[in-house]
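Undergrad: Provided herewith is a single structure, encoded as structure tokens, for subsequent inquiry.
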Amino acid sequence: MDKTTIFVRLLDENVGVCRPVDAIEERPGCYRILGPAPDPDAERWEFQPRQLVRCKLDDGGMLVAVDIVG
């Protein structure tokens, strides 16, 4: 399985910000986020490592995690 980059929204930010993270596609449109976990003192991710998330392309062509699968 090849790693790909998806984007996870950061919480508690004044503007919409996403973090690029490594993930593996487990089935079409669904990706398992790989680690390491973020430093909770630095930023909070909407989704965490090891979670399986559904991704959609945004207007800029980036794969953005939108919800948890399962």
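Every read-out reported here was derived from the displayed coordinates using simple, explicitly stated rules and does not represent laboratory data. Quick caveat: nothing in here was measured; it's all calculated off a predicted structure. Heads up, the Cβs are rebuilt from the backbone with ideal geometry, glycines too, and the neighbour counts pull from every protein chain shown.
Undergrad: So if each residue of separation counts as 0.36 nm, and I subtract the Cα-Cα distance between residue 48 and residue 66, what length gain in nm does that give?
TA: Values: separation 18, 0.36 × 18 = 6.48 nm, distance 1.24 nm.
Working it through step by step, the gained length comes to 5.2 nm.
Undergrad: Shifting gears a bit: With r defined as the distance between the Cβ atoms of residue 37 and residue 14 and R0 fixed at 30 Å, what FRET efficiency is calculated, to the nearest 0.05? Intermediate results must be reported in sequence, preceding the final value.
TA: Working: r = 23 Å, r/R0 = 0.77.
It comes to 0.85.
Undergrad: Give me the net charge for the shell around residue 44: Cβ to Cβ below 11 angstrom, other residues only, Lys and Arg +1, Asp and Glu -1. Present the calculation step by step, with values, prior to reporting the outcome.
TA: Values: positive: 9, 19; negative: 12, 13, 39, 41, 43, 46.
It works out to a net charge of -4.
Undergrad: Please give the charge dipole size of the chain, origin at the Cα centre, charges +1 on K and R Cβ atoms and -1 on D and E Cβ atoms. Round to the nearest 20 debye. Could you put the intermediate results ahead of the total?
TA: Numbers: 9 positive and 13 negative charges, 59 e Å.
Dipole of the chain, to the nearest 20 debye: 280 debye.
Undergrad: Stretch residue 1-residue 27 to full length: gain in nm at 0.36 nm per residue minus the Cα-Cα span?
TA: Numbers: separation 26, 0.36 × 26 = 9.36 nm, distance 1.12 nm.
Value of the extension gain: 8.2 nm.
Undergrad: A further question on this structure: Under 8 Å for C-alpha pairs, at least 6 residues apart: give me the relative contact order for the chain, rounded to a whole percent. Write down the numbers at each step before the final one.
TA: Numbers: 145 pairs, mean separation 20.9, N = 70.
For the chain, the relative contact order is 30 percent.
Undergrad: Which of the GluC sites (Glu not before Pro) found in region 1-33 are loop residues per DSSP with 11 or fewer other Cβ atoms within 10 Å of their Cβ? Display every interim value, and only then the final one.
TA: On the way: sites: 13, 25, 26; in loops: 13.
Sparse-neighbourhood loop GluC sites (Glu not before Pro): 13.
Undergrad: Within 10 Å of each candidate Cβ there may be at most 12 other Cβ atoms; applying that plus a DSSP loop requirement, which trypsin sites (Lys or Arg not before Pro) in region 34-70 survive? Write down the numbers at each step before the final one.
TA: Numbers: sites: 44, 50, 54, 56; in loops: 50.
Filter output for region 34-70: 50.
Undergrad: Computed from the coordinates I sent, volume of the Cα convex hull per residue in Å³ equals one of [x] 95; [y] 86; [z] 76. Tell me the label.
TA: Recomputing volume of the Cα convex hull per residue in Å³ here gives the entry labelled [y].
Undergrad: Separate question: Can you tell me how region 29-70 classifies by the Cα gyration tensor, rounded, prolate or oblate, using a/c under 1.5 as the rounded cut?
TA: On the way: a/c = 2.42, a/b = 1.43, b/c = 1.68.
Oblate shape, in that a/c is at least 1.5 and b/c is the bigger or equal ratio.
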